[in-house]
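Working notes, beginning with the structure itself.
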Amino acid sequence: HGSTDKIIIANAGNNYTGATRVSYGVVDYGAENAFGKSSGLTILNTTDSTVTVVDMKGLSQTGSNAVGTLTMTDGMAELRLNGGRIQFNEAVNVSGGSKITWGANGELILNGGGVVAGAGALSGSGNLVLNGAAETLTVNGSNNGLSASVSINVSNTAALNDFKGLGTGSINLGGSLG
């Protein structure tokens with residue numbers, strides 16, 4: 001057992017629409033939109049003390065193939081964009097020490113608001129876009145390692161309990177920051 005246990009999802013024509021649960025090892029993207037039209041992505045560790053990882057490997061999961069929800073609620077879960085782009089159309093819940101890492105120049109698009117809780121839960125550079133219909137993303141904790149450019153689009157809100165909740169990058173404010 002360990003984080004070297006890896007599978008690669010490489011079916012660009014995947015039309016799967018159910019919920020995806022990754023509870024052990026590493027899952028690498030091997031094609032654009034590899035998770036199909038998944039209704040939700042849950043990343044957690046149910047086995048041992050190694051980190052469970054989904055790695056975008058510079059690929060995308062967006063547009064008509066956007067994922068529904070994101071749930072990562074234990075300290076052994078990580079979503080790595082690694083220059084990739086992923087879009088969530090429903091609420092995200094990142095807590096308990098879980099992490100989203102951009103690497104360099106990744107893009108995270110959130111259309112459903114949600115909660116990111118914990119210092120250091122967000123890190124890397126690229127873009128973070130809040131783009132829903134009057135949605136709120138609540139960020140609890142400082143994310144000093146995040147230097148992404150943040151866009152809070154019209155009618156959206158980022159609610160912060162720490163002035164570095166959205167890191168140290170630029171903020172394009174079309175919505176609200178509180």
> Any idea what the alpha-carbon Rg over 2.2 N^0.38 Å comes to for the stretch 26-119?
Replying inline: 0.98
> So if R0 is 41 Å, what FRET efficiency would residue 5 and residue 168 give, r being the distance between their Cβ atoms, rounded to the nearest 0.05?
Replying inline: 0.75
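Please tell me the relative contact order of the stretch 28-90 in percent, rounded to the nearest whole number, where contacts are Cα pairs under 8 Å and at least six residues apart.
Answer for the stretch 28-90 is 40 percent.
Per the 1.4 Å probe, what fraction of the accessible area of the stretch 23-107, in percent, lies on carbon and sulfur atoms?
On the way: 1250 of 2750 Å².
Roughly 45 percent of what the probe reaches on the stretch 23-107 is carbon or sulfur.
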> How large are Rg and Dmax for the stretch 111-178 when only the alpha carbon atoms are used, in Å?
Replying inline: 10.5, 28
>> Using only the alpha-carbon atoms of the stretch 1-63 as identical scatterers, what base-10 log of I(q)/I(0) does the Debye formula give at q = 0.17, 0.24, 0.27 Å⁻¹?
In response: -0.56, -1.01, -1.17
> Candidates (i) 15.8; (ii) 23.5; (iii) 17.3; which is the computed Kirkwood radius over Cα pairs in Å?
Replying inline: (i)
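Let me know the charge dipole size of the stretch 56-178 about its Cα centre in debye, to the nearest 20, where only the beta-carbon of Lys, Arg (+1) and Asp, Glu (-1) is charged.
The calculated dipole for the stretch 56-178 is roughly 240 debye.
Can you tell me which of 157-169, 25-37, 69-81 comes out highest on packing, and rank the rest after it, using the mean Cβ neighbours within 10 Å?
Numbers: 157-169: 16.9, 25-37: 19.0, 69-81: 21.4.
The densest-packed peptide leads the list: 69-81, 25-37, 157-169.
The values are calculated or read from the model by the stated rules, or taken from the named source; none is laboratory data. A quick note: this is a predicted structure, and the numbers were derived from the prediction, not measured. All Cβ positions, glycine included, derive from the backbone under ideal geometry; neighbour counts span all protein chains shown. Calculation scope for accessible area: heavy atoms of the full protein, side chains included, ligands and nucleic acids excluded. Shrake-Rupley method; radii C 1.70, N 1.55, O 1.52, S 1.80 Å.
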